[in-house]
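Undergrad: Would you mind keeping the following structure in view while I ask a few things?
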Amino acid sequence: MEAPGSDPLAVGLAAGDPRAFAELYDRFGRRLYRAALGMLGRREDAEDAVQEVFRAILQSPETLTGVQDLTAYLFTALRHAAGRIAARRPRESTLAAILIDSQADPDSQGKDRAGPFDERLERALAALPAEQREVIALKIDGGLTFAEIAQVLEVSSNTAASRYRYALEKLREALKPFPASCANGPGGRGENQ
């Protein structure tokens, strides 16, 4: 049997230390949730994916024996859980689910409703290819480096960085300001002036 990686948290988890599990949740819970939400688009699915990751660790802490990079391990487990959940559940419109969740989310920090830019951003994110949306979720929501993303996705760092760059280009294009003629139409800034 191999010794756990050098990360003291991984060592504590592999030994079944409940304090290590609490620290794991404190350190990674929110990041994993945000990344899962970015991948799945529905709050319930994101919660299920994160719960699946933590439940697996609780049920079989010995699986962490030999883990060298706990962050990569967790986000890889999250990616697999998200894939299983996506395959199990019929997907409704990602955009509609995200907008509904953002309006019902108690952690929305005082945001009443998404503005026009927020809606355009959500549509643009939903329109990205899954592989690019996944990299965006891992980089922005999960806070992973390109090297960590590469490890999670089992691609090269250059591929991870390229997917991110292509996604950003598509988002920039989708979020370009409307031409002045559109801004003066129904609902535009120039209305009632």
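The values are calculated or read from the model by the stated rules, or taken from the named source; none is laboratory data. Every value quoted in this text rests on a predicted model; they were computed, and no experiment measured them. Note that each Cβ is placed from the backbone with ideal geometry, even for glycine, and that neighbours are counted across all protein chains shown.
Undergrad: Looking at region 135-144, can you tell me whether even one residue there is loosely packed, with under 15 Cβ neighbours inside 10 Å and acidic (Asp, Glu)?
TA: Taking every residue of region 135-144 in turn, none turns out to be loosely packed, with under 15 Cβ neighbours inside 10 Å and acidic (Asp, Glu).
Undergrad: Those residues that are at pLDDT below 90 and among the basic types (Lys, Arg), I need them from region 144-192; list them, please.
TA: The answer is 172, 176, 189.
Undergrad: Can you tell me which residues in region 63-106 are under 20 Å from residue 29 (Cα atoms), among the acidic types (Asp, Glu) and either modelled with pLDDT under 50 or part of a helix (DSSP H, G or I) (or both)?
TA: Residues satisfying the conditions are 101, 105.
Undergrad: Are there any pairs, at least 6 apart or on different chains, whose C-beta atoms fall under 7 Å, with the first in region 45-61 and free of Cβ contacts under 8 Å to residues at least 12 places away in the same chain and the second of a type in the set (S, T, N, Q) and outside any helix (DSSP H, G or I), and if so, which?
TA: That search, which allows pairs on different chains as well, returns nothing.
Undergrad: Sticking with this structure for a sec: Which of the residues belonging to region 17-67 are within 30 Å of residue 123 (Cα to Cα) and either touching a strand residue (DSSP E or B) at 6+ places or on another chain (Cβ under 6 Å) or hydroxyl-bearing (Ser, Thr, Tyr) (or both)?
TA: Applying the first criterion (within 30 Å of residue 123 (Cα to Cα)) to region 17-67 yields 28-53.
Passing the criteria: only 33.
Undergrad: When residue 48 is evaluated against the numbered criteria (1) of a type outside the set (Val, Ile, Thr); (2) more than 14 Å from residue 84 (Cβ to Cβ); (3) modelled with pLDDT of 85 or more; (4) touching a Leu at 6+ places or on another chain (Cβ under 9 Å), which criterion, by number, is the only one it fails?
TA: For residue 48, the failing item is (2).
Undergrad: Return the residue satisfying two criteria in turn: it lies in region 15-38 and is assigned to a helix (DSSP H, G or I) and small (Gly, Ala, Ser), and of such residues it is farthest from residue 137 (Cα to Cα).
TA: 20
Undergrad: Give region 122-181 a look and list any residue that's of a type in the set (Gly, Ala, Ser), more than 15 Å from the chain's Cα centre (by Cα) and not in a helix (DSSP H, G or I), or say none.
TA: 156
Undergrad: Could you list all residues from region 1-45 that are over 20 Å from residue 85 (Cα atoms), of a type in the set (A, V, I, L, M) and in contact with a Gly (Cβ under 7 Å, 6 or more places away or on another chain)?
TA: 20
Undergrad: Out of curiosity, is residue 10 assigned to a helix (DSSP H, G or I) and at pLDDT 90 or above?
TA: no
Undergrad: May I ask you to list pairs of residues, at least six apart or on different chains, whose Cβ atoms are under 6 Å apart, with the first in region 124-137 being at negative phi and without any contact (Cβ under 8 Å) to a residue 40 or more places away in the chain and the second being charged (D, E, K, R) and crowded, with 19+ Cβ neighbours inside 10 Å?
TA: 131/163; 132/163; 135/163
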